[in-house]
Amino acid sequence: MQYEQLGATGVFVSRIALGTMTFGGAGTPPWSLVGGLDEKAADELVGLAFDGGVNLIDTADMYAGGECEEILGRVLGSRRQDVLLATKLFARMGSGPNDVGLSRLWVTRALEDSLRRLRTDHIDLYQIHSFDPLTPVEETLAALDDAVRQGKIRYIGASNLAAWQMMKFLGASRSRAVERFVSQQVYYSLAGRDIEREILPMAADQQLATLVWSPLAGGFLSGKFDRNGTSDDTARRAIADFPPVDRERGWDIVDALRVVAARHGVGVARVALAWVLARPGITSVIVGAKRPDQLTENLAAVDLVLTDEDLADLDAASALPVPYPDWWDQGALEHRLPLHS
């Protein structure tokens, strides 16, 4: 396993992290479709992740309505001290008008609930799961800062924020001298490269760690699907089209992945993960699994070194059109540079 610094902190996290969305939810759609794993199956995956050098495990209060955190807490047991535990808050967790969002009231209550379910006295990385347009960022940060001072949180992060939203939080942290986000958790894959436009450059400028969710585009890049109709009716992607994928562009990407995979004698999924790991600014890639063999294959991606030819082929197949104002800025820079005789 390889390790990367978590943003501007002194903490190092494994380049592959274990996602736990497959834990719990048996018999309860949509979570039963995602995984529905019981405690025994979850324990096997956690043990395999530890054996592979993983030291970051990510979950969220909303997964399986809280059951995911409960299973993870029981499974970790005495191994809790050997892992950096990350969870998230924002989603509705009850029928009350305040059982959702990022208010001080809900941050405080959601944190206590997660601590109880996870059977721990602190969260290593506590992340907001979305932007709350109804709650001032200053209120959210003050509540998170209080929890850090109380020893209930070590670091704070954010997930699924636009670049301007993240900068609003970072600006408030600086002006108020309160805890600052150290990381962002975002969707990124060969089939979804949108963060390259603003979110990744912002993170580099602000020294934020970038943790990636759904690097296989919800299974679209797993090797189970192609333009010829290859499919797996048991796969999550066959049931739920999430994250959204441009199918025609996606099939071109899958074709390119198969060519690269054949060069190395490995599976398509391993190549797709290796590409994300090779991208500049990526700290850790969060992978989930239903079976041990899937997790073993995913962990092996950290050792796959793609050649310049591999990267060029994959980049060409997945390239995004240059958006405005980038195409304007490129021309402006050319005019701005000194003339050469």
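Take the residues in segment 292-341 that are among the hydroxyl-bearing types (Ser, Thr, Tyr) and within 18 Å of GLU196 (Cβ to Cβ); name whichever of them is modelled with the highest pLDDT. Ranking the qualifying residues of segment 292-341, first place goes to SER318.
Determine, yes or no, whether GLU297 is assigned to a helix (DSSP H, G or I) and loosely packed, with under 11 Cβ neighbours inside 10 Å. Criteria not met by GLU297.
Against the definition (more than 26 Å from ALA301 (Cα to Cα), open to solvent by 20 Å² or more (accessible area, probe 1.4 Å) and of a type in the set (Asp, Glu)), how does GLU44 come out, yes or no? Spelling it out, it is not the case that GLU44 is more than 26 Å from ALA301 (Cα to Cα), open to solvent by 20 Å² or more (accessible area, probe 1.4 Å) and of a type in the set (Asp, Glu).
Can you tell me how many residues in segment 14-40 are out of contact with any helix residue (DSSP H, G or I) (no Cβ under 6 Å at 6 or more places or on another chain) and surrounded by fewer than 15 Cβ atoms within 10 Å (Cβ to Cβ)? Here the count works out to 7. Residues that are in a helix (DSSP H, G or I), closer than 30 Å to GLN207 by Cβ, of a type in the set (A, V, I, L, M, F, W, C) and under 21 Å from the mean Cα position of the chain (by Cα) are absent from segment 52-61 altogether. Of all residue pairs spaced 6 or more apart or on separate chains, those with beta-carbon atoms under 7 Å, a first member in segment 148-161 that is closer than 8 Å to GLN184 by Cα and a second member that is outside any loop (DSSP other than H, G, I, E, B) and among the charged types (D, E, K, R) are SER159/LYS88.
The values are calculated or read from the model by the stated rules, or taken from the named source; none is laboratory data. Everything numeric in this text was worked out from a predicted model, so none of it was measured. Virtual Cβ from ideal backbone geometry, glycine too; neighbours counted across all protein chains shown. To get the accessible areas, we keep the full protein, side chains included, count just its heavy atoms, and leave off ligands, DNA and RNA. Shrake-Rupley method; radii C 1.70, N 1.55, O 1.52, S 1.80 Å.
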